[in-house]
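Comments concern the structure below.
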Amino acid sequence: MRGYMVATWKMAWDGVKKGQEVLRAGGSVHQAIIEAVKMVEDDPEYHSVGYGGLPNYNGEVELDAAYMDGDTLGYGGIMGVKNLKNPIEVAFDLCHYKRNCLLAAAGAEEYARKKGYAFCDMLTEEAYLRYSRQTKQMDMEKLEAYGGHDTVCVIGKSGDTMACGVSTSGLFMKLPGRVGDSPVIGSGCYADSEVGAAAATGVGEDIMKGCLSFSVVEKLRQGVPVQQACETALREHMERLGRSGHRPGSISLIAMDREHNIGAATNKKAFPFVVGDLERNTVLYAAVNEGGKMSVICPDEAWIQAYQGD
């Protein structure tokens, strides 16, 4: 696979198409990534990102986002924010700062308001009903990423510039203030235009233990092919967690090298992702894990219909 954009989950299809339109019109890769992420943030049908995201233990939607510019290594992130319409916009804004580039909760909200970013009630009626039906008598150590989709991660390349952006509402029923991998540099995403970019989706606490996005990019720096880099980083991390007696939740990775080659890996049975290819097509692929053996397929309509996810 080769492409200009790659994004996690089937839910990113429309966003990648929008990003490709931006690139065709002469927009920057940064504009393309932001528009792609915003398409998911704004859609209430997706309950793991933005508007309509499933709430925390107290019934509040808390949002995290990050952005990394692979040219400057500028990184911006926000965490634990409420009622911010498009967190990815603020994360991109912050990636231009040498200091104060990672803001949390009330401080991030204050910054966004002063800069004029839009706010609205992010808790939809459907999300609230799901929350109200969920028992609070649960084991906090066993919370899992939401169903067939989780964090939206978008990697893009235009010219020599690479970048990536991520956005999420985090684990459903998480403790207030909980932060996963998404806004943490090197865990949720990492981009270096000289080498490549990677991003992760799944259970953040498990992803952070291996700084997985950075791990993939460092393997690219060592000359490892991108698909092998994804598979090796994930396998080595799983093996290390196993030696510690820890059984991780779901983890999936996407990556792109500086030559436009794309890779993906997962510890789930299947992980769909979307590619905007070099011919400007939008193509759905899936990483399929069969007993630890990874393959990447272009699923047919029967597979898509049978997939119990987004």
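The values are calculated or read from the model by the stated rules, or taken from the named source; none is laboratory data. Predicted model, so just to flag it, every value in this text is computed and none were measured. Methodologically, a virtual Cβ is constructed for each residue, glycine included, from the backbone with ideal geometry; neighbour enumeration extends over all protein chains shown.
Would you check which residues across region 288-300 are in contact (Cβ under 8 Å) with a residue 40 or more places away in the chain and among the small types (Gly, Ala, Ser) and list them?
GLY292
Of the conditions (1) modelled with pLDDT of 95 or more; (2) touching a helix residue (DSSP H, G or I) at 6+ places or on another chain (Cβ under 8 Å), HIS149 satisfies every one except a single condition; which number is it?
Failed condition: (1).
Would you list the strands (runs of 3 or more DSSP E) that sit entirely within region 66-170 and hold 2 or more residues that are among the β-branched types (Val, Ile, Thr) and within 18 Å of GLY50 (Cα to Cα)?
Output list reads 74-81, 152-158, 161-168.
Tally up the residues in region 171-202 that are part of a strand (DSSP E or B) and surrounded by fewer than 24 Cβ atoms within 10 Å (Cβ to Cβ), please.
Residues meeting the conditions: 2.
Can you find, within region 209-256, the residue that is surrounded by the most Cβ atoms within 10 Å (Cβ to Cβ) among those that are within 17 Å of the chain's Cα centre (by Cα) and either among the hydroxyl-bearing types (Ser, Thr, Tyr) or modelled with pLDDT under 95 (or both)?
Per the criteria, the residue is SER213.
Quick one: is GLU41 of a type in the set (Asp, Glu) and either farther than 22 Å from SER182 by Cα or surrounded by fewer than 22 Cβ atoms within 10 Å (Cβ to Cβ) (or both)?
no
May I ask you to list pairs of residues, at least six apart or on different chains, whose Cβ atoms are under 8 Å apart, with the first in region 220-233 being outside any helix (DSSP H, G or I) and the second being surrounded by fewer than 19 Cβ atoms within 10 Å (Cβ to Cβ)?
Close Cβ pairs satisfying both conditions: VAL224/THR232; PRO225/ASN261.
Is it fair to say PHE172 is touching a Lys or Arg at 6+ places or on another chain (Cβ under 7 Å) and either of a type outside the set (A, V, I, L, M) or under 17 Å from LEU253 (Cβ atoms) (or both)? Write out each step before concluding.
Numbers: touching a Lys or Arg at 6+ places or on another chain (Cβ under 7 Å): no; either of a type outside the set (A, V, I, L, M) or under 17 Å from LEU253 (Cβ atoms) (or both): yes.
So PHE172 does not fit the description; no.
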